[in-house]
1. Being touching a residue at least 24 places away in the same chain (Cβ under 8 Å) and either within 28 Å of residue 123 (Cβ to Cβ) or touching a strand residue (DSSP E or B) at 6+ places or on another chain (Cβ under 9 Å) (or both): is that true of residue 49 here?
2. Can you name the residue in region 4-56 that is part of a loop (DSSP other than H, G, I, E, B) and at pLDDT 95 or above and is also nearest to residue 117 (Cα to Cα) among such residues?
3. Among the residues of region 141-158, what is the count of those that are free of Cβ contacts under 8 Å to residues at least 40 places away in the same chain and over 14 Å from the mean Cα position of the chain (by Cα)?
4. Which condition breaks for residue 126 when tested against (1) within 15 Å of the chain's Cα centre (by Cα); (2) part of a loop (DSSP other than H, G, I, E, B)?
5. Only one of 126, 156, 178 is in contact with a helix residue (DSSP H, G or I) (Cβ under 6 Å, 6 or more places away or on another chain) and at pLDDT below 95; which?
6. In region 78-90, is there at least one residue being touching a helix residue (DSSP H, G or I) at 6+ places or on another chain (Cβ under 7 Å) and either at pLDDT below 85 or within 26 Å of residue 177 (Cα to Cα) (or both)?
7. Quick one: would you say residue 138 is surrounded by fewer than 21 Cβ atoms within 10 Å (Cβ to Cβ) and either free of Cβ contacts under 8 Å to residues at least 60 places away in the same chain or under 16 Å from the mean Cα position of the chain (by Cα) (or both)?
8. Restricting region 116-125 to residues that are in contact (Cβ under 8 Å) with a residue 60 or more places away in the chain and out of contact with any strand residue (DSSP E or B) (no Cβ under 9 Å at 6 or more places or on another chain), which is surrounded by the fewest Cβ atoms within 10 Å (Cβ to Cβ)?
């Protein structure tokens, strides 16, 4: 696989006040953990050699300062639907770069590394449209398209099946990759060596 450093990564983030409601933490701490997780994932993307541009799509302008230093563009789309936010972000990116490669990553992948991001994008470069399932095999972490192919996002319950049914190719990313370790509950954080600001309990 050759170096292909021309990916735009689109990161849709729910309003921090509402994010990760299943984490059984006090509201202020829960919001901080959600922000820290997103920042960890964004930092990994920032360090990845194949990522040229990072665009974060926010629901709430009040959250912008948390992520501005790690991204190239902040877009405010005050809509609750994740898939609609992704499509709005995609439209804006495609308006500027019609034929560029585009990937979506959610903000709840705090254990992913830049090497893992690069590996997945190298695999995705060989497919028009592809995705990486979460470790349970039912959800979706990365969704990627090349050469201006529409993302056609179907995040939500059973998204892996829906992405596969719509023609997206499953990328062979190892089960132990941080790219497959999303965080919904505290046990997801404790399942790995959560350190620093992500350590809970």
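1. Yes, satisfied.
2. 48
3. Applying the first criterion (free of Cβ contacts under 8 Å to residues at least 40 places away in the same chain) to region 141-158 yields 142, 149, 152, 157-158.
Within this subset, residues satisfying the condition of being over 14 Å from the mean Cα position of the chain (by Cα) are 149, 152, 157-158.
Qualifying residue count, region 141-158: 4.
4. It is condition (1) that residue 126 fails.
5. Criteria check complete, one pass: 178.
6. Within region 78-90 (the criterion being touching a helix residue (DSSP H, G or I) at 6+ places or on another chain (Cβ under 7 Å) and either at pLDDT below 85 or within 26 Å of residue 177 (Cα to Cα) (or both)), the answer is yes, since at least one residue qualifies.
7. The answer is yes for residue 138.
8. Ranking the qualifying residues of region 116-125, first place goes to 122.
The values are calculated or read from the model by the stated rules, or taken from the named source; none is laboratory data. Here the structure is a predicted model, which means the values were calculated and not measured. Reconstructed Cβ throughout: ideal geometry from the backbone, glycine too, with neighbour counts over all protein chains shown.
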